[in-house]
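> First the structure, which I've put down as structure tokens, then a few questions once you've had a look.
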Amino acid sequence: MADTVDLIMDLWRQEAPELAGDLWPVAIVGRVQRLSRILDRALKDFYAEHGYEVWEFDVLTTLRRSGPPYELTPGALLEAAMITSSTVTNRIDRMEAKDLVERVRDPDDRRSVRVRLTAHGIDVVDRVFRLHLANEARLLPDYEPADYQNLTDELRRLLEHFGDRLDRGRATGKPVENG
């Protein structure tokens, strides 16, 4: 069985045989890139069917998993969600206009603002997240549980290699006791 990356590598072996032994990274990086594009497209289509964009749902789920009262500072939201600082204010504005989030004063620092899920935002994330999980399961091949676990472990190792780690305190915006 061959995929597109195999074809690309075969073409390179024909075009530049002297590079044949150096092509091994393409087998991994090329597949990760292709999978990323395929999954991004599928998730974008899924969220569009429900009236949302991927980034909106990322913000909603980030706030929801932070625990009651489902709020984070814009800085903590920036670190925990997959958005950039230049877009956070604009995106919060857009989500506020849809009654998904609200800005509230930080009780510990009146100069700071926190972004909180509204009741409507909680309803949306609770309803659509269940559908999202079913959609992601549908997107994946029918593997045995051990195969899923092995794939998960290897992907985790790859992400850790790139330093992709977020501690619980930064992910929730709440202090975590050592212990």
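> Helix 85-97: angle to the longest alpha-carbon principal axis of the chain, degrees 0 to 90, nearest 10?
60
> Regarding the chain, what are the three Cα extents along the principal axes, ordered largest first, in Å?
The Cα atoms of the chain stretch 65, 39, 35 Å along their principal axes.
> Read phi for every residue in the stretch 25-35 and hand back ³J(HN,Hα) as whole Hz from Karplus 6.51 cos²θ - 1.76 cosθ + 1.60, θ = phi - 60°, with x for Gly and Pro.
With coefficients 6.51, -1.76 and 1.60, one gets x, 4, 4, 9, 4, x, 5, 4, 4, 5, 4 Hz.
> Here's something else I'd like to know. At 1.4 Å probe size, with the rest of the protein present, what percent of the exposed accessible area of the stretch 61-146 is carbon and sulfur atoms? Please report the intermediate quantities before stating the final value.
Values: 2740 of 5230 Å².
Carbon and sulfur atoms account for 52 percent of the accessible area of the stretch 61-146.
> Quick check on the stretch 73-158: take the gyration tensor over C-alpha atoms, sort the square-rooted eigenvalues as a ≥ b ≥ c, and tell me if it's rounded (a/c under 1.5), prolate or oblate. List each step's numbers first, then the result.
Working: a/c = 2.97, a/b = 1.90, b/c = 1.56.
Prolate shape, in that a/c is at least 1.5 and a/b is the bigger ratio.
> Sum up the charges of everything whose Cβ sits under 13 Å from the Cβ of residue 4, counting Lys and Arg as +1 and Asp and Glu as -1, but leave residue 4 out.
Details: positive: 31, 34, 37; negative: 3, 6, 10.
Result for the local shell: 0.
> Could you work out the local net charge near residue 106, counting Lys and Arg as +1, Asp and Glu as -1, over the other residues with Cβ closer than 11 Å to its Cβ? Please report the intermediate quantities before stating the final value.
Working: positive: 103, 105, 110, 111, 114, 116; negative: 71, 108, 109.
That works out to +3.
> Report, in whole Å, the centroid distance computed from the Cα atoms of the stretch 45-63 and the stretch 72-145.
The stretch 45-63 and the stretch 72-145 have Cα centres separated by 8 Å.
> Moving on to the next point. Provide the net charge surrounding residue 158, with neighbours chosen by a C-beta distance below 12 Å and charges set as Lys +1, Arg +1, Asp -1, Glu -1.
Values: positive: 31, 156, 157; negative: 153, 154, 160, 164.
Counting the neighbours of residue 158, the net charge comes to -1.
> For the stretch 99-156, with the dipole built from +1 on Lys and Arg beta-carbon atoms and -1 on Asp and Glu ones, taken about the Cα centre, which of 107, 135, 118 lies farthest toward the positive end?
Working it through, the farthest residue towards the positive pole turns out to be 107.
> Let me ask something else about it. Rounded, prolate or oblate: pick one for the stretch 1-41, where a ≥ b ≥ c are the square roots of the eigenvalues of its C-alpha gyration tensor, a/c under 1.5 means rounded, and failing that, prolate if a/b is larger than b/c, else oblate. If you can, show how the numbers build up before the last one.
On the way: a/c = 3.03, a/b = 2.15, b/c = 1.41.
In terms of gyration-tensor shape, prolate.
> On to the next question. Not counting ligands, DNA or RNA, and with a 1.4 Å probe, what is residue 4's accessible surface area in Å² rounded to the nearest 10?
Solvent-accessible area, nearest 10 Å²: 60 Å².
> While we're here: Taking loop as defined by DSSP and a crowding limit of 11 other beta carbons within 10 Å, which chymotrypsin sites (Phe, Trp or Tyr not before Pro) in the stretch 113-160 fit?
On the way: sites: 129, 143, 148; in loops: 143.
Sparse-neighbourhood loop chymotrypsin sites (Phe, Trp or Tyr not before Pro): 143.
> Given the options 151, 72, 38, identify the residue whose Cα lies farthest towards the positive end of the charge dipole of the chain (+1 on Cβ of Lys, Arg; -1 on Cβ of Asp, Glu).
72
> While we're on this one: As I understand it, the value is the acute angle between the Cα axis of helix 119-139 and the longest principal axis of the Cα atoms of the chain; what does it come to in degrees, rounded to 10?
10
> Let me see the pair-distance distribution of the stretch 102-141: every alpha carbon pair, 10 Å bin width, integer percents in order.
Answer for the stretch 102-141: a P(r) of 26, 28, 24, 16, 6 percent.
> If you don't mind, there's one more thing I want to ask. Given the whole protein assembly as supplied and a 1.4 Å probe, what does the accessible area of residue 161 come to in Å², nearest 10?
About 140 Å², ignoring ligands and nucleic acids.
> If you count only protein heavy atoms with a 1.4 Å probe, what accessible area per residue comes out for the chain, rounded to a whole Å²? Before the final figure, lay out each step's value.
Values: 12540 Å² over 179 residues.
Here the residues of the chain average 70 Å² of exposed surface.
> Label residue 27 and residue 162 with points 7 Å out from Cα along Cα→Cβ: what is the distance between them in nm?
About 2.0 nm separates the two model spin labels.
> Which one, 93, 40, 153, has the greatest fluctuation when you compute a Gaussian network model over the chain with C-alpha springs under 10 angstrom?
153
> Something else: Please say if the stretch 25-92 is rounded, prolate or oblate, where rounded means a/c under 1.5 for a ≥ b ≥ c the square roots of the C-alpha gyration tensor eigenvalues, and otherwise the choice is prolate for a/b larger than b/c and oblate otherwise? Show your work: numbers first, answer last.
Details: a/c = 2.29, a/b = 1.68, b/c = 1.36.
Prolate shape, in that a/c is at least 1.5 and a/b is the bigger ratio.
> For a quick check, take a GNM of the chain with Cα springs below 10 Å and name the residue from 35, 151, 133 with the largest mean-square fluctuation.
151
> Given a cut-off of 19 Å, what percent of all Cα-Cα pairs of the stretch 54-108 lie beyond it?
Details: 248 of 1485 pairs.
It works out to 17 percent of all Cα pairs.
> Between residue 50 and residue 11, what is 0.36 nm times their sequence separation minus the Cα-Cα distance? Round to one decimal in nm.
On the way: separation 39, 0.36 × 39 = 14.04 nm, distance 4.10 nm.
Result for the pair: 9.9 nm of gain on full extension.
> Now for a different question. Determine the dipole magnitude for the chain: charges of +1 sit on the beta-carbon of Lys and Arg, -1 on that of Asp and Glu, nothing else is charged, the reference point is the Cα centre, and the result goes in debye to the nearest 20. Don't skip to the end; give the middle numbers.
Working: 26 positive and 33 negative charges, 169 e Å.
With Lys and Arg at +1 and Asp and Glu at -1, about 820 debye.
The values are calculated or read from the model by the stated rules, or taken from the named source; none is laboratory data. The model shown is predicted, which means the values in this text are computed figures rather than measured ones. Here the Cβ is made from the backbone with ideal geometry for all residues, glycine too, and neighbour counts use every protein chain on show. Side chains are part of the model used for accessible areas, which takes the heavy atoms of the whole protein and leaves out ligands, DNA and RNA. Shrake-Rupley method; radii C 1.70, N 1.55, O 1.52, S 1.80 Å.
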